[in-house]
Every structure is written in C-alpha cells, then in structure tokens.
Amino acid sequence: MKLYLVRHGQSEGNFRKVYCGVNDVELTKEGVLQAQRMAKKFEGRSISKIYSSPLKRAYNTALEISNVLKLDIEKSDLLKEINFGIFENLTWNDIKTRFPNEAQKWADVGVHYKFVDGESLDDVVVRVIEFVKNCCDNSIIVTHSGIIQSFIIALEIASYENSWDYVINNCDVICIENGKITYFK
C-alpha cells in the first residue's frame, strides 16, 4: 500500500502556538500559500483518492490538492487531530500555569497520557487502524501531525516513543510504502 500523508498548512492555532486538536480553526494566509505550493507537487500524478480530516485547516488544504488533481475529497472523522481536552487552545505555558498537576502527569506519562476530557495517543492509533482497513491504495490523506504520528505507529514503522523522531512541518508530505517512509519533495 502506498499512502501520501499531508499535514495541513499553517493554521491560526499553529501561528499562536496553541494545542489546537479538535478546535476548528482556519488556515492563515501563509497556510493557504503553503497548501497551494504543496498541491502543485502532485500535478500529473495518478492518485486514486483524496481523504481529509473534516477540520477546516485540513479540508482547506485538501481543496488545494483537489483543484490540481480534479478529484473529490472524502472526509473522515477518523482523521481528526487528537482531542487535547482541557488543554485545547492553550500554550504550554498556559497549561503549566492553569493545570500544573496535569502538566506534570503528561510529562511523567508521556505518549500514553490521556488528556482530561480528551483522548490519548492510544485512542488515536485505534482510530487510524480503523481508517487504514478501508482506505484505498495510492491515496492522499490530508490530516494533522498527531494523526501522521499515529499512522507511523499503526503501520509499525516506529514505536510510540520513536514516532516523534519524524518531524512533520506544515504542508510536509510523507510517503509510506512497503513499511518505509520517504519525505515527498
């Protein structure tokens, strides 16, 4: 199976440096430009399908690819970013100030921490496994960094701890094929 995983363009949440999991924020002007530049990389490629998180920052990034490839987009709730619960829309400093005990728990527990009123990375990996069961080969999946990390875990490319070795910036594209990752330039 060959999958192109695309992280959305810069969002208002990225710009403000807040944890913006399920909050539905727009792309910034720079994010739109990033998406347009990235979409051109797919010009002339034979792609089966475009999937997207329904959150605006991902869907609007997917629209730019759709405009280039003339393919419809299938939205999937399974591709939404991790729900950061009470940490949504807060910076790390805000979290440490407002929720010092929970911030310490997150630091202690690490990748398996379940956010209060939210999800854990384990929950997200389960969602991604469910998505992979039904997705088409040679597809583009426009989503979020936490979901891309979860693909890396779910497809057994890296462990939970090592999945964070893969840095995925706004509008980066990684290709997963036969259990290997390459950055798509």
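The values are calculated or read from the model by the stated rules, or taken from the named source; none is laboratory data. Since the structure is predicted, the reported quantities are computational estimates derived from the model, not experimental observations. Here Cβ is always computed from backbone atoms with ideal geometry, including for glycine, and neighbour counts include all displayed protein chains.
Quick notes on this structure:
One line per residue, one yes/no per condition, for (1) closer than 13 Å to residue 142 by Cβ; (2) touching a strand residue (DSSP E or B) at 6+ places or on another chain (Cβ under 8 Å); (3) assigned to a loop (DSSP other than H, G, I, E, B); (4) at pLDDT below 95:
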| site | (1), (2), (3), (4) |
| --- | --- |
| 22 | no, no, yes, no |
| 45 | no, no, yes, yes |
| 61 | yes, yes, no, no |
| 81 | yes, yes, yes, no |
| 105 | no, no, no, no |
| 124 | no, no, no, no |
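- Filter result for the condition that a residue is closer than 26 Å to residue 63 by Cβ and either among the hydroxyl-bearing types (Ser, Thr, Tyr) or in contact with a helix residue (DSSP H, G or I) (Cβ under 6 Å, 6 or more places away or on another chain) (or both), over 150, 163: 150
- Residue 78 vs. criteria crowded, with 16+ Cβ neighbours inside 10 Å, within 30 Å of residue 105 (Cα to Cα), of a type in the set (A, V, I, L, M, F, W, C) and touching a residue at least 24 places away in the same chain (Cβ under 8 Å): yes
- Taking the range 167-179 as the range and being closer than 26 Å to residue 112 by Cβ and surrounded by fewer than 18 Cβ atoms within 10 Å (Cβ to Cβ) as the test, the residues that pass are 167, 169, 179.
Results for (1) over 24 Å from residue 51 (Cβ atoms); (2) polar (S, T, N, Q); (3) at pLDDT 95 or above, shown as yes or no for each residue.
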residue: 77; (1), (2), (3): no, no, yes
residue: 95; (1), (2), (3): yes, no, yes
residue: 110; (1), (2), (3): yes, no, no
residue: 172; (1), (2), (3): no, no, yes
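- Residue check, residue 179 farther than 29 Å from residue 30 by Cβ and in contact (Cβ under 8 Å) with a residue 12 or more places away in the chain: yes
- Just one of (1) within 25 Å of residue 124 (Cβ to Cβ); (2) touching a helix residue (DSSP H, G or I) at 6+ places or on another chain (Cβ under 7 Å); (3) of a type in the set (A, V, I, L, M); (4) in a helix (DSSP H, G or I) fails for residue 38. It is (2).
- Cross-chain or 6+ apart pairs with Cβ under 7 Å, the range 28-57 first and in contact (Cβ under 8 Å) with a residue 12 or more places away in the chain, then among the polar types (S, T, N, Q) and buried (at least 23 other Cβ atoms within 10 Å of the Cβ): 28/11; 31/11; 35/61; 53/143; 57/11
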